[in-house]
Amino acid sequence: MATGMDIHDSQYLDNHAWTSTNHEVVLRQMPEDCADEVDDSMHLAGLSDLPNEMVMAILDDIKPEDLLSIAQLGRCLNEEFKEFCALLHILDCQSLKCSQYVQWFDQLILLPPTFSPPPITTLHSIQLPGLSSRLLDWLIVSMNASPIHSVVIELLSEEMLKHLHLPMLRNMTCIDHDLCLVPLGIFMTRHHNMERLSMVGHTTFTDDHILLQAILQPMQSLTYLSANLNVLSAFFSCRGCFPALAEVGVHGPLTGMSGWFYIPHTNLHIDYIRDIFQLLGAVLGLISTIKTVTSLKLPFLSHFEGNAWNMCIFGKDDIEADTMVPLPQASQQPESLLTNIHTLTLFSAEGHPVRRDTSFDVARAVGYFPLVQCLVLQDELFLSDMGWTGNKDALLDKLTTACSSLQVVKLGEVEHRVRVVETGDGPAEQTEAKEV
C-alpha cells in the first residue's frame with residue numbers, strides 16, 4: 001500500500017473533509033467571514049479524533065502560536081503515533097514520504113528514548129528529511145529491513161551514510177548534503193548496484209581527490225550521475241570508476257548567482273567567473289575521457305555568463321580578464337573534445353529568479369560540440385526572454401548552420417526535425433525543419 005499525503009490551505013484542523021483508502025488528506029480553509037469567531041483551541045482539540053494516518057500530515061501546518069493549545073494533547077498524540085507506527089509494520093506499505101519539518105515533530109510528539117516500534121519491512125521507496133531525531137532512527141532501521149529501491153533524502157549527513165545498508169538500492173537523490181567525499185565514496189562502494197545518483201545540493205566538498213580515489217570502487221551499474229561542478233570534478237578524477245555511465249547532469253546556477261557571488265562589473269565577479277569557467281572546462285574535459293557518456297545536461301539558459309563563456313580562452317593556467325578574446329585567437333574549447341556526446345540538454349537553474357544573458361549566442365555555444373545530434377532547450381520561457389518568439393525558424397537555421405551533425409531540436413515540448421540524410425550516391429540532403 002502506497003501512503004501519500006497532501007494538504008491544501010489548512011488553517012483549522014477540525015475542518016478535515018475526508019481520508020481515502022490511500023490516506024490522502026485534504027484540510028480545507030474556513031471562510032474568511034467566520035474565521036474570527038472560531039476558537040483555535042477547540043479546533044486543535046479535534047486533532048485527537050483524527051485518523052492515525054493523518055497525524056504526520058498535520059504537523060506540517062502547525063504554527064508557533066498553536067503550540068500551547070496542542071501541548072495539552074501531547075500524551076494522546078504519543079499514543080496515537082505509536083499505534084500508527086505499529087500499524088505500518090503490519091500493512092503492505094511500499095512508499096513513505098515524511099515531513100521535512102522534524103523540529104516541529106520533536107516538539108509536538110515527545111518520543112521516549114525507548115521508542116522502537118517494529119520496523120517496516122515492505123518499503124520500496126522513501127523520502128525522509130535526514131535531520132536527527134528518534135523518528136529518523138526508526139526509519140533507518142525500517143529502511144535497512146526493507147527492499148528499498150529508491151531514496152530521496154532532504155539533508156544527507158555522514159552519520160546517516162554510516163548506518164544505511166540498502167543492498168537493493170537503485171536510485172538515490174539528495175536534496176542537500178553536508179558531508180565529505182570519503183564517507184560518500186564508502187557508501188557508494190557498499191552500494192555498487194546503484195543506477196542513478198543525483199546530488200542536488202551546492203555544498204562544496206572539502207576532501208582531497210586523492211582520498212576519494214583510494215576509496216571509490218568501480219560503479220558497474222551507474223548510468224546517470226548529476227551533481228555540481230565540485231562533486232563531478234572529484235568523481236571523474238577517479239578514472240575507470242564509471243564504466244557504464246551514459247548521462248551526466250551539471251547542476252546550476254554556474255555564474256550570476258545571488259549574494260556576494262554576483263557583483264557585476266567588479267574584479268571579484270570576474271575572478272569568480274574565471275574560476276567557474278576553469279572548473280567547467282576541466283569537468284567537460286574529464287567527461288570526454290568517459291566514452292560511454294552520450295548525453296549531457298548543462299544549466300546554460302539562466303544565471304550563466306554565456307557570452308563570456310563563448311569568448312573564454314582555455315589551455316592556460318591563469319586566465320586574466322583581458323584575455324577573454326574572440327575564439328579564433330583562443331586555444332581549443334573543451335566542448336570540442338566531447339565527440340561522444342550525441343544528446344545535449346540546456347536548461348535553466350531552478351530556485352532562483354530568472355536572469356538571462358541576452359547577448360548569449362546559443363547557436364555558437366552548441367556549435368562547439370562536434371557530434372551533437374539532438375539538442376533539447378528545456379525552458380518554455382527561454383524563446384520569449386531571448387526574443388525568439390515567433391521567429392523559431394531563424395533560430396533553427398542558426399543552430400543547424402552552427403552544428404552540421406544536428407538532426408533534432410526540442411524547444412520545450414515541441415520537437416523539430418532538421419534531418420541531415422547522407423546517401424552513398426551523393427552529397428548530404430537536408431530537409432526543412434518541421435514540428436512533430
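At a Förster distance of 51 Å, what's the computed FRET efficiency of residue 158 paired with residue 332, Cβ-Cβ distance as r, to 0.05? Please list the in-between numbers first.
Values: r = 40 Å, r/R0 = 0.77.
Result of the calculation: an efficiency of 0.80.
Apply the Karplus parameterisation 6.51 cos²θ - 1.76 cosθ + 1.60, with θ equal to phi minus 60°, to every residue of the range 281-287 and state each ³J(HN,Hα) to the nearest whole Hz, in sequence, with x for glycine and proline.
In residue order, the calculated couplings are x, 5, 5, 4, x, 5, 4 Hz.
So the label point goes 7 Å from the Cα of residue 144 along Cα→C-beta, right? Which residues of the range 162-183 then have their backbone N under 12 Å from it?
Output list for this probe position: 162-167.
Cα-Cα over 29 Å: which of 297/398; 97/291; 97/410? Walk me through the numbers on the way to the answer.
Numbers: 297/398 21 Å; 97/291 37 Å; 97/410 34 Å.
With Cα atoms farther than 29 Å apart: 97/291; 97/410.
If you take the beta carbon distance between residue 413 and residue 237 as r and set R0 to 41 Å, what does 1/(1 + (r/R0)^6) give as a FRET efficiency, to the nearest 0.05? Could the numbers behind the result be given before it?
On the way: r = 37 Å, r/R0 = 0.91.
Given R0 = 41 Å and the Cβ-Cβ separation, E is 0.65.
Between residue 168 and residue 210, how many nm apart are label points set 7 Å from Cα along the C-beta direction?
4.2 nm
Which net charge results when you count Lys and Arg as +1 and Asp and Glu as -1 among the other residues whose beta-carbon is under 9 Å from that of residue 171? Please report the intermediate quantities before stating the final value.
Working: positive: 170, 196; negative: 195.
The answer is +1.
Cβ under 14 Å from residue 244's Cβ, residue 244 left aside: what net charge do those residues give with Lys, Arg +1 and Asp, Glu -1?
On the way: positive: 170, 196, 291; negative: 195, 247.
So the environment of residue 244 carries a net charge of +1.
Grab the beta carbon distance between residue 339 and residue 90, set R0 = 41 Å, and tell me the FRET efficiency rounded to 0.05. Don't skip to the answer; put the middle values down first.
Values: r = 56 Å, r/R0 = 1.37.
Efficiency at R0 = 41 Å is approximately 0.15.
Going by average Cβ density within 10 Å per residue, which order do the peptides 82-95, 292-305, 213-226, 272-285 take, highest to lowest?
Values: 82-95: 15.3, 292-305: 21.6, 213-226: 17.3, 272-285: 19.2.
Top to bottom by mean Cβ count within 10 Å: 292-305, 272-285, 213-226, 82-95.
Could you give the length gained on full extension between residue 389 and residue 196, defined as 0.36 nm per residue of separation minus the Cα-Cα distance, in nm? Write out the running numbers ahead of the final one.
Working: separation 193, 0.36 × 193 = 69.48 nm, distance 3.56 nm.
Between residue 389 and residue 196, full extension yields an extra 65.9 nm.
Once the piece of chain linking residue 291 and residue 350 is laid out straight, how much longer is it, given 0.36 nm per residue of separation minus the C-alpha distance between them?
Numbers: separation 59, 0.36 × 59 = 21.24 nm, distance 2.91 nm.
That pair, residue 291 and residue 350, stretches by 18.3 nm at full extension.
Each reported figure results from applying straightforward, stated rules to the coordinates on display, with no laboratory input. Computed from a prediction, not measured in an experiment: that's the story for all the values here. Cβ coordinates were reconstructed from backbone atoms using ideal geometry, including for glycine residues, and neighbour counts include every protein chain displayed.
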